[in-house]
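Structure record follows, encoded as structure tokens.
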Amino acid sequence: MENKLERPSRIKRILKNEIFGIFIILILMCIALTILRPTSFPTAANFASIGRSISYTGVMAVGMTFVIITGGIDLTVGSVFGLAGVVIGICLQSNVSLAISILLGLLTGVLVGALNGLAITKIGLPPFIVTLSLMNITRGMAQGFTSGSPIKIPDSLKALAIGDFIGIPYTVCYMIVLAVIFSLILSKTVFGRQVYALGGNEDAARLSGLNTTKLKVFVYAISGFLAAFAGIMTTARLGVAQSANGDGYEMDVIASVVIGGTSMTGGKGTIIGSLIGAVIMGVLRNGLVMLDVNAYWQKVVIGSVIMGAVTMDMLRNKKSGK
């Protein structure tokens, strides 16, 4: 009986939950925008637009969550996003079947991710340097393959992204399905527990018998796979493959994950938190446009939000003694 009394109530646990706090911020943002723009913000068309815009970031944020939990960073997601679209565009233009073209596009992301992991673990370079280098290499490859020209996509691929299921855009459906699958992997499997252990203390994880090299390669491969998936989604929706697709997306993805409560020092984070972070970024961008904020000042606001999120993460880690 005494132990039961000492336990915090369910309500208190919910209130202390970090994800709950992030969700409240999202609700407050939506309330504020509804008050400021009552005829344009709270509409089904606008919510569908926000959903489509954040679905690509959300899919990439799922993969980035794995990477940041291990204490790493992946700056290649935006360039892999563009390269995967170019690969599938070239394949379809060369009369390769749709299924094989999609597979090759996804394998492109997996390969870049695996190269990130191998360079980090085998050569011993910092994740920032490795992924920054491969970010430029993959972007250059996408531009070189196309000479900067767009590639038209056939209707067979467009049909996979244009449309909705019971009013929910297909791209949002893909994001939700992938988020559920990888959330279960992260929270319910041995691999997921190993990912948290690696981020919590890599030396201890290695001494306990974990193959940290293999784990990192797998984690970066997951990030590459999901970045490629998001790139293919966008290519299908736009109906054209362009080497510039995804340029700068890595910042929004990282911001979404950090805003969602994943610690930059590793060992902590959730998929649902990252998705809420992605929605916050999407609502923020949508709101700034509706409020007629100049595009240049929008960058100032977004940059300030990112800096604030990282600062909060540092303060949390300092408070916990990490």
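The values are calculated or read from the model by the stated rules, or taken from the named source; none is laboratory data. Because the structure is predicted, anything quoted here is derived from the model rather than measured. When we count neighbours, we look across all protein chains shown, and the Cβ atoms used for this are built from the backbone with ideal geometry, even at glycine. For the accessible areas, the whole protein counts, side chains as well, though only heavy atoms, and no ligand, DNA or RNA atoms are used. Shrake-Rupley method; radii C 1.70, N 1.55, O 1.52, S 1.80 Å.
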Checking the a/c ratio against 1.5 first, then a/b against b/c, what shape does the Cα gyration tensor give for the chain? oblate
Computed from every Cα-Cα pair in region 102-175, P(r) in 5 Å bins starting at 0 and rounded to whole percents is 3, 12, 14, 17, 16, 15, 11, 8, 3, 1
What accessible area per residue, rounded to a whole number of Å², is obtained for region 157-283 using a probe radius of 1.4 Å? 40 Å²
What does the charge count around Thr138 come to, taking other residues whose C-beta lies under 15 Å from its C-beta (Lys +1, Arg +1, Asp -1, Glu -1)? -2
Over the residues of region 42-143, compute the C-alpha Rg and express it relative to 2.2 N^0.38 Å. 1.24
Explain nothing, just compute: Karplus ³J(HN,Hα) = 6.51 cos²θ - 1.76 cosθ + 1.60, θ = phi - 60°, for every residue of region 50-66 in order, whole Hz, x for Gly and Pro. 4, x, 5, 5, 8, 5, 5, 4, x, 4, 5, 5, 4, x, 5, 4, 4
Principal axis lengths of region 173-319 from Cα atoms, whole Å, largest first? 54, 41, 25
Under 14 Å, Cβ to Cβ, from Gly209 - net charge with Lys/Arg +1 and Asp/Glu -1: +1
For the chain, set up a GNM with springs between Cα atoms under 10 Å and report which of Gly124, Gly308, Gly72 has the largest fluctuation. Gly124
Taking the convex hull of the alpha carbon atoms in region 142-208, what volume per residue do you get, in Å³? 174 Å³
Just need the relative contact order of region 127-265 here, percent rounded to a whole number, with Cα pairs under 8 Å and 6+ apart. 40 percent
Taking square-rooted eigenvalues a ≥ b ≥ c of the alpha carbon gyration tensor, is region 103-250 rounded, prolate or oblate, where a/c under 1.5 means rounded and, failing that, a/b exceeding b/c means prolate? oblate
Share of carbon and sulfur in the accessible heavy-atom surface of region 252-322 [1.4 Å probe, %]: 70 percent
Using a ≥ b ≥ c from the Cα gyration tensor of region 80-131 (square roots of the eigenvalues), is it rounded, prolate or oblate, where a/c under 1.5 gives rounded and otherwise the larger of a/b and b/c decides, a/b for prolate? prolate
With the 8 Å Cα cutoff and a minimum separation of six or more residues, region 238-305 has a relative contact order in percent of 23 percent
Net charge around Gly282, counting only other residues with Cβ within less than 13 Å of its Cβ (Lys, Arg = +1; Asp, Glu = -1)? +1
With +1 on the Cβ of every Lys and Arg and -1 on the Cβ of every Asp and Glu, the dipole magnitude of the chain about its Cα centre, in debye rounded to the nearest 20, is 740 debye
Built amide H within the under 5 Å cut-off of Gly260, gap 5+: Gly277
